[in-house]
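Written out below as structure tokens is the structure these notes cover.
The values are calculated or read from the model by the stated rules, or taken from the named source; none is laboratory data. Every value quoted in this text rests on a predicted model; they were computed, and no experiment measured them. We place every Cβ from the backbone using ideal geometry, glycine too, and count neighbours over all the protein chains shown.
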Amino acid sequence: MRALAIGGTRRIATTEVSQKGFSGLDNDSVIIGTREYPVWPAGQEVRPLGHRTIGMTTFPDVGDIHPALLARIRELESDPVFATRHLRSAGGITIYRLEQWDSPAADLLNARALHLGQLLLGGDTAVIDLCWATVSRRGDYALARSQERTAVSVVYCVDPGDDDAMDPLSGKLTIADPRVEACCPVRKDVVTNPLMPRMAAGTMVVFPSALVHMVNPYSGERPRISIAWNIDKDVIPGSARPEPAAGRYAVPMR
């Protein structure tokens, strides 16, 4: 795992948009409707979460930007150009290529994710290698994994879905990695306390891509919707999209 830590606030850096990566915006704000929204609102803080390389922040403007964002996600959910249904263990329906959604709200979130990625990378540039929204329904979950291509991952909560009194861990993003001291309070390198951030609508979490993370099985009725980004300092050659070939997702052993 690379030595990363949450740093200070930086101006959004701009690099070129290419087939292999999306860099963000030239400006520090995005116009949605008739209003201009700052990419990084004044006073927006990133709070460390159990480790110096894991941070969390919640944006205050979700009531303004989420209605249009949710409407666009519902449109694209049934569009085969953007949406793919993987195995249930891959989280649900995946909607790729936020930069092509023709959605100012998605553009704003792309820029915010890039800025948060820059804080962890500690550099002046950041490039999105892959970004996608996930619409999870009852029984969907995401197997434990690390992202092997990039340095930083960001997850944003659009709608946490329904609470379940019988299963309060339903649908929770979970980091369970022996390299995170907070996960191992009893014995070094033995995970007994997975990190599960309390993610309301508008919460964004950043962490090193190499950390083992997962999403618990979701048991609610209202769709649980999140957006994720894998980010690095530079464009990474090769395809970032997961391949459907055997072995990409876990297969039961015989």
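Computed values, structure above
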{"item": "Elements of type strands (runs of 3 or more DSSP E) contained in segment 85-179, each with 2 or more residues being under 20 Å from S239 (Cα atoms)", "result": "93-96, 127-136, 152-159"}
{"item": "Meets criteria (crowded, with 20+ Cβ neighbours inside 10 Å and touching a Cys at 6+ places or on another chain (Cβ under 8 Å)) for I175", "result": "yes"}
{"item": "Of all residues making up segment 51-84, the number that are under 27 Å from S239 (Cα atoms) and part of a helix (DSSP H, G or I)", "result": "6"}
{"item": "Selection status of A165, more than 19 Å from T53 (Cα to Cα), surrounded by 15 or more Cβ atoms within 10 Å (Cβ to Cβ) and of a type in the set (A, V, I, L, M, F, W, C)", "result": "no"}
{"item": "Tabulated pairs, segment 133-153, first within 20 Å of I54 (Cα to Cα), second charged (D, E, K, R), C-beta under 6 angstrom, 6+ apart or interchain", "result": "R149/D129; T150/D129; T150/D232; A151/R2; A151/D232"}
{"item": "Checking I93 against (1) farther than 29 Å from S29 by Cβ; (2) touching a Phe, Trp or Tyr at 6+ places or on another chain (Cβ under 9 Å); (3) free of Cβ contacts under 8 Å to residues at least 60 places away in the same chain; (4) among the hydrophobic types (A, V, I, L, M, F, W, C), the condition it does not meet", "result": "(2)"}
{"item": "Qualifying residue in segment 110-126 (condition: touching a residue at least 60 places away in the same chain (Cβ under 8 Å) and in contact with a Pro (Cβ under 8 Å, 6 or more places away or on another chain))", "result": "yes"}
{"item": "Breaking point among (1) within 17 Å of the chain's Cα centre (by Cα); (2) surrounded by fewer than 22 Cβ atoms within 10 Å (Cβ to Cβ), for L120", "result": "(2)"}
{"item": "Flag if G139 is surrounded by 14 or more Cβ atoms within 10 Å (Cβ to Cβ) and out of contact with any His (no Cβ under 6 Å at 6 or more places or on another chain)", "result": "no"}
{"item": "Looking only at segment 49-59, and only at residues there that are of a type outside the set (V, I, T) and modelled with pLDDT of 95 or more, the one that is surrounded by the most Cβ atoms within 10 Å (Cβ to Cβ)", "result": "G55"}
{"item": "Considering residues of segment 208-243 that are aliphatic (A, V, I, L, M) and more than 21 Å from R198 (Cβ to Cβ) only, the residue surrounded by the most Cβ atoms within 10 Å (Cβ to Cβ)", "result": "I231"}
